[in-house]
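Q: This is the structure I have questions about; it appears just below.
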Amino acid sequence: MDNTGSPKTHFSGSVANLTAKISVEDKLSQEYYDAVIEKVFKPSWYVLGNLNDIPTPGRFFVYDVPTFNMSVLVVRTEQGVNAFHNVCRHRGKKVVQTKCGWAQGNAGVFTCWFHGWAYGKDGALLNVPDEMAFRDFDKSKYGLVPIKVEVWSGLILAYFGDGEPQPLKEWLGELYEGFEDYYTRMERIATFSADVKSNWNWAMDSFSEGYHTVFLHRNTQPELTGKKNPMRHAPIIDLYGHTVRTSGVANPDYVGPPAERALYKHGRKLSPAVETDYSELPPGVNRTRYTPWFFDVVWLFPNFAILNGPHWVSTLMIWPIDKDHSRVITDHYARKARHAGDRLAQAYMRGLLVSVTREDLSAMEDVQYGLSSGALKHIHVSQQEIVLQKRYAFLEEMIKP
Ligand code: FES
Ligand SMILES: [Fe+2]
């Protein structure tokens with residue numbers, strides 16, 4: 001217990017090299033940005049989606065990745081999942097058009113509507129209109145360029161670096177086990193994407209602690225704190241190599257507004273309702289069965305977080321666009337709906353979380369404005385913001401010469 005009345009956090013794992021004082025100027029420099037992209041972002045795995053986004057052969061999505069100026073076509077096949085550069089082998093147009101960096105659909109054949117070249121689910125070039133007009137041309141050598149992709153616990157991860165990646169099992173480490181079919185029980189209910197004027201670090205920082213929620217989200221989520229934990233201290237924080245898992249505390253006296261009460265009474269209790277039945281959770285979610293529990297957060301550095309709730313999951317991806325701009329993508333998932341009550345509950349969560357995220361976006365742009373002025377040489381963060389400390393220590397370790 002500390003002087004706010006909030007309980008102390010149990011930390012496990014390595015706190016070596018962590019510092020509460022974080023320098024600012026270097027994070028805003030082009031040199032730091034270039035080093036981080038080269039040494040951290042390139043050799044990382046990225047969660048692009050859930051198998052349930054593409055449940056049957058032919059279902060696909062296209063995901064534009066601004067950090068690498070890349071468009072990725074991910075398609076379900078009879079054998080599993082394939083990923084390709086969404087770049088036509090003729091003259092390089094995107095084969096599938098994207099809107100706001102995204103597309104999805106169902107197709108057996110992908111046709112580029114510039115000159116009609118057509119590709120199969122395995123990336124093979126199937127048809128070239130007027131093929132006879134091409135000299136010395138071997139169609140079998142002009143399939144879509146593949147991207148390395150793997151599935152972990154129902155989530156689809158891609159690797160964009162050169163050469164062989166670190167095996168996914170090793171890369172995920174302690175988090176590899178423990179989630180079973182948890183993610184594939186969910187269906188996507190919303191996606192929210194925004195390009196913001198903020199360095200990607202400040203964007204990540206904004207989502208890396210519960211401290212801000214007491215104040216920034218006081219209007220959209222007013223009852224998150226309980227009397228026994230007014231500052232929402234996390235009960236458990238597990239610090240691994242480049243991943244972190246935290247358990248987030250709930251307010252046991254949470255009531256919620258009347259509309260929310262009605263909707264969550266007739267459908268599953270989604271965020272921010274408090275669920276006390278943990279019987280269907282896999283061992284990796286709320287691993288100590290802490291109560292009153294709200295949700296866990298799993299961070300996969302450098303730029304991804306998964307919020308694991310009792311019947312819902314939200315993912316958060318921050319893509320650097322350049323050193324002063326980022327793309328923030330949040331995907332919300334809920335347990336598959338059983339009836340109209342569940343659908344209404346999903347609609348409520350969708351609406352609420354979009355409002356909450358807007359508050360975060362506005363804060364990170366204000367931080368960019370403040371820090372880019374040069375007024376502060378460093379920031380000083382608390383033990384409850386240790387995920388920031390851990391991520392900055394990880395970046396330092398990775399980029400040091
Ligand atoms: S660029 Fe795709 S068919 Fe020509
Ligand atoms: Fe927030």
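Q: For segment 249-330, what does the relative contact order come out to in percent, with C-alpha contacts under 8 Å and a separation of six or more?
A: Here the relative contact order equals 23 percent.
Q: Related question: Using Cα atoms only, what is the angle between the long axis of helix 340-372 and the major principal axis of the chain, expressed in degrees (0 to 90) to the nearest 10?
A: The helix 340-372 is inclined about 80 degrees to the chain.
Q: Taking amide H positions as placed 1.01 Å from N in the peptide plane, with prolines and chain starts having none, which residues 5 or more places from GLY123, or on another chain, fall under 5 Å of its amide H?
A: none
Q: I'd like the isolated cysteines in the chain, meaning no second cysteine's beta-carbon lies under 4.7 angstrom from theirs.
A: CYS100 - these cysteines have no disulfide-compatible partner (Cβ-Cβ under 4.7 Å) in the chain.
Q: Among the aspartates and glutamates, which have Cα under 17 Å from the Cα of LYS400 when same-chain residues fewer than 8 positions away are ignored?
A: GLU25, ASP26, GLU31, ASP34, GLU38
Q: How about LYS94: which aspartates and glutamates have a C-alpha closer than 15 Å to its C-alpha, ignoring those fewer than 8 places off in the same chain?
A: Straight-distance partners of LYS94: ASP64.
Q: Could you point to the residue in GLY341, ILE237, GLN97 farthest towards the positive end of the chain's charge dipole, with +1 and -1 charges on the Cβ of Lys/Arg and Asp/Glu respectively?
A: Sorting the options by dipole projection puts first GLY341.
Q: Among PHE304, PHE11, PHE134, which one moves the most in a GNM of the chain with springs linking Cα atoms closer than 10 Å?
A: PHE134
Q: So what are the ³J(HN,Hα) numbers for segment 51-68, from phi and the Karplus equation (6.51, -1.76, 1.60; θ = phi - 60°), rounded to whole Hz, Gly and Pro as x?
A: Rounded to whole hertz, the list is 3, 6, 5, 9, x, 10, x, x, 5, 8, 9, 10, 10, 7, 10, x, 4, 10.
Q: Moving on to the next point. With point charges of +1 on the Cβ of Lys and Arg and -1 on the Cβ of Asp and Glu, referenced to the Cα centre of the chain, which listed residue (LEU157, PHE207, PRO252) lies farthest in the positive direction of the dipole?
A: About the Cα centre, the residue reaching furthest to the positive side is PRO252.
Q: At a Cα cut-off below 18 Å, give the lysines reachable from LYS227, other chains included and same-chain residues fewer than 8 away excluded.
A: Of all the lysines, those that pass the test against LYS227 - Cα under 18 Å, at least 8 places apart if same chain - are LYS8.
Q: So how far apart, in nm, are the two label points at MET132 and HIS10 if each is 7 Å from Cα heading toward Cβ?
A: Between MET132 and HIS10, the label points sit 7.6 nm apart.
Q: Along Cα→Cβ, 7 Å out, is where each label goes; now give me the distance between the ones at HIS90 and LYS148 in nm to one decimal.
A: The two pseudo-label positions are separated by 3.2 nm.
Q: Pull out the extension gain between TRP102 and PHE215, defined as 0.36 nm times the separation in residues minus the alpha carbon to alpha carbon distance; nm, one decimal. Can you show the working numbers first?
A: Numbers: separation 113, 0.36 × 113 = 40.68 nm, distance 3.28 nm.
Net length gain for the segment: 37.4 nm.
Q: May I pose another question? Mind listing the phi-derived Karplus ³J(HN,Hα) values for segment 269-274, rounded to whole Hz, using 6.51, -1.76 and 1.60 with θ = phi - 60°, and x for any glycine or proline?
A: 6, 9, 4, x, 5, 9
Q: Now a separate question. List, in the order given, every pair from LYS121/LYS197; LYS39/LYS169; LYS39/LYS197; LYS336/LYS390; LYS265/LYS390 whose Cα-Cα distance in the structure shown is over 30 Å.
A: In this structure, LYS121/LYS197; LYS336/LYS390; LYS265/LYS390 exceed 30 Å between Cα atoms.
Q: Same structure again: Of all beta bridges DSSP finds with both residues in the chain, what is the antiparallel percent, to the nearest 5?
A: Within the chain, antiparallel bridges account for around 95 percent of the total.
Q: Taking springs between alpha-carbon atoms closer than 10 angstrom, which of ASP331, ASP238, ASP130 fluctuates most in the Gaussian network model of the chain?
A: Of ASP331, ASP238, ASP130, the most mobile in the Gaussian network model is ASP130.
Q: Further question: Work out the length of the dipole vector of segment 45-165 about its Cα centre, built from +1 on the beta-carbon of each Lys and Arg and -1 on the beta-carbon of each Asp and Glu, and round it to the nearest 20 debye.
A: With only Lys, Arg, Asp and Glu charged at Cβ, the dipole is about 320 debye.
Q: Right, next: Of SER314, SER140, how do they rank once you tally other Cβ atoms within 10 Å and put the fewest first?
A: Working: SER314 24, SER140 7.
The fewest-first ordering by Cβ neighbours comes to SER140, SER314.
Q: Under the Karplus relation 6.51 cos²θ - 1.76 cosθ + 1.60, θ = phi - 60°, what is the ordered set of whole-Hz ³J(HN,Hα) values for segment 201-215, x standing for Gly and Pro?
A: 5, 5, 5, 4, 4, 4, 9, 9, 7, x, 3, 5, 5, 5, 10
Q: Simple spin-label model, 7 Å along Cα-to-Cβ: LYS39 to GLN166 in nm?
A: Reported label-point gap for LYS39 and GLN166 is 1.4 nm.
Q: Picking from ASP64, ASP253, ASP205, which is most flexible by a Gaussian network model of the chain using Cα springs under 10 Å?
A: Of ASP64, ASP253, ASP205, the most mobile in the Gaussian network model is ASP253.
Where a number appears in this text, it was derived from the coordinates with a stated rule and is not lab data. Only a predicted model underlies this, so the values are computations on that prediction, with no experimental measurement involved. Reconstructed Cβ throughout: ideal geometry from the backbone, glycine too, with neighbour counts over all protein chains shown.
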